[in-house]
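Here the structure comes first, spelled out in structure tokens, and everything after it is commentary.
The values are calculated or read from the model by the stated rules, or taken from the named source; none is laboratory data. Keep in mind that what you see is a predicted model, and the values were worked out from it rather than measured. Counting neighbours? That spans all protein chains shown, and the Cβs are built from the backbone with ideal geometry, glycine included.
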Amino acid sequence: MGFNRAQGVLLHVTSLPSLGGIGDLGPAAYEFVSFLAAAKQHIWQVLPLGPTGYGHSPYAASSAFAANPFLISLELLAEWGWIDAARLQGLVAPGAHVDFNEVERTKVPLLQEAAANFLDRGPHDGRFAAQWAEFGTFCRAEAGWLEDYALYAELCRQLRTGAWTAWPEPLRRREPDALAEEVAKHSRALAREQALQFAFARQWRLLREAAARHGIRILGDIAIFVNLDSADVWTHPELFELDADLNPIRIAGVPPDYFSPTGQRWGNPLYRWDVLERLGFDWWVRRVARAAQLYDILRLDHFRGFEAYWAIRAEEETAIHGEWVKAPGLKLFRVLASVLGPLPLVAEDLGLITPEVEALRIELGMPGMRVLQFGFGDKGAHVHLPHRFVPECVAYTGTHDNDTTQGWWRTAGKLERAAVEAYVGPVPVVEGVARPAWPLLRAVAASCAQLALAPAQDLLELGSEARMNTPAVAAGNWSWRAPQDAWTPELAGRLAPLAEVTDRDSDPLGEATAGSAN
């Protein structure tokens, strides 16, 4: 489907300057929504919201359905009466980076305490009657994933073996008697886990409603693969390429590319697409339906994997040796459309894109992506420059996988820098430092792309210290946080006229405002 011309900002929730050591859905999120509204931005793009494991990558979540409890606002829970506000006095102040270990040590126990308080007070406490009714409705509606995820999360805490593949055999293989015993033993903890998922759902819904009042849409990611150490693979091993001992046979990744000469060995187990197809792709239908509950626009990460994916034998140490294997492509998307109706989808079509992948995207009517940073290397990369854009695309200066534009400029070669200045004019110099981000932001906004997205780091003209992720590097990613005073009226006043003059002051899914081009 097409979108109205609109402009927005890419900022993951963890990057908000909230209390507690990590961005969350509390006051800082509402302040960001107010900033977007003042800046006439109509899209807030976030990364996947699932619970993260080792490495803290949102693209390696421990559930394709659950949400990350780290993102729950304790301040809002205190307003709801789940926890005494005095208990929050020692929360970590906003800082430049997330210390995930500190969040685990200080915030998680308070979340567990708040959930226990909610359960203890129960439906008979008049202050919680309405929330308890909502909680019951939530648990019934989401039972298909919620109960398995709660048990998985609690067993991870209890057994501490690293991954479910190292659990005792009866639990690895989900023997009914073993599961029933654990459910009975940990019923209280499972209820707390479900209460936290409800708290996230309620806070996220209220935040989305606040955004919607300003015509701001949430653009969210669906990571194509799921983590081996996840509730999904533990619950449905028959849907993945596992051997008789429940270990991966082949895993996902990409061949050598721009980011890595040895490719990227992601390690996610591959789907048994033949089994999924035989079951009417019902797991994928449920997954996309869940994503549509969370987001207004869905970005399909690694879209090319829906046409063909890079399969690596699990024993391989790098992604160099693999093969392209055909995926179901149109069959899957036709089922999704027949069950769920038209969906506002965006294809992440970066990397090695074949004519077959491009044909699939066009057949499905999805806009692809263009990234300005990629466009200045050689003539073959000029497809990423605005004069080669088509309207059916989503354009960026860079994504969460790129260096910031300021950092990229610092390491760019002379030819790339010369190409940038030939394209957008001389890069301004402020206090002796070249500032390329805003000229490139203006080029993206002025393009014919339906949607123009700016990483928050580029709006703030930050350097490599603010980079969100370096692909193929295991540690040190996903931790950047915006400064507390970042969303100033001056910055909004700089962005708003750009949205107006480039006809991007409209809801991407609503009626275009007067003067907007479509």
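Numbers for the structure displayed
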| read-out | value |
| --- | --- |
| All positions within region 302-344 that are assigned to a strand (DSSP E or B) and surrounded by 21 or more Cβ atoms within 10 Å (Cβ to Cβ) | 309, 310, 312 |
| Meets criteria (of a type in the set (Gly, Ala, Ser), touching a Gly at 6+ places or on another chain (Cβ under 8 Å) and modelled with pLDDT of 95 or more) for residue 308 | no |
| The listed residue being more than 29 Å from residue 146 (Cα to Cα), in contact with a strand residue (DSSP E or B) (Cβ under 6 Å, 6 or more places away or on another chain) and of a type in the set (Gly, Ala, Ser), out of 2, 8 | 8 |
| Identity of the residue in region 162-171, surrounded by 13 or more Cβ atoms within 10 Å (Cβ to Cβ) and under 23 Å from residue 55 (Cβ atoms), that ends up farthest from the chain's Cα centre (by Cα) | 167 |
| Residue, surrounded by the fewest Cβ atoms within 10 Å (Cβ to Cβ), within region 261-290, restricted to residues that are aromatic (Phe, Trp, Tyr) and more than 17 Å from residue 315 (Cα to Cα) | 283 |
| Among (1) β-branched (Val, Ile, Thr); (2) more than 15 Å from the chain's Cα centre (by Cα); (3) not in a loop (DSSP other than H, G, I, E, B) - the single one residue 9 does not satisfy | (2) |
| Flag for residue 245 being part of a loop (DSSP other than H, G, I, E, B), surrounded by 15 or more Cβ atoms within 10 Å (Cβ to Cβ) and either out of contact with any His (no Cβ under 6 Å at 6 or more places or on another chain) or touching a residue at least 24 places away in the same chain (Cβ under 8 Å) (or both) | no |
| Those residues of region 74-109 which are of a type outside the set (A, V, I, L, M, F, W, C) and under 30 Å from residue 162 (Cβ atoms), in sequence order | 95, 97, 99, 101, 102, 104, 105, 106, 107, 109 |
| Counted residues, region 171-205 - those being of a type in the set (A, V, I, L, M, F, W, C) and in contact (Cβ under 8 Å) with a residue 60 or more places away in the chain | 8 |
| Whichever residue in region 46-85 is within 21 Å of residue 125 (Cβ to Cβ) and β-branched (Val, Ile, Thr) and, among such residues, is farthest from the chain's Cα centre (by Cα) | 83 |
| Filtered residues of region 302-326 (kept if within 23 Å of the chain's Cα centre (by Cα) and either aliphatic (A, V, I, L, M) or under 15 Å from residue 360 (Cα atoms) (or both)) | 302, 303, 304, 305, 306, 307, 308, 309 |
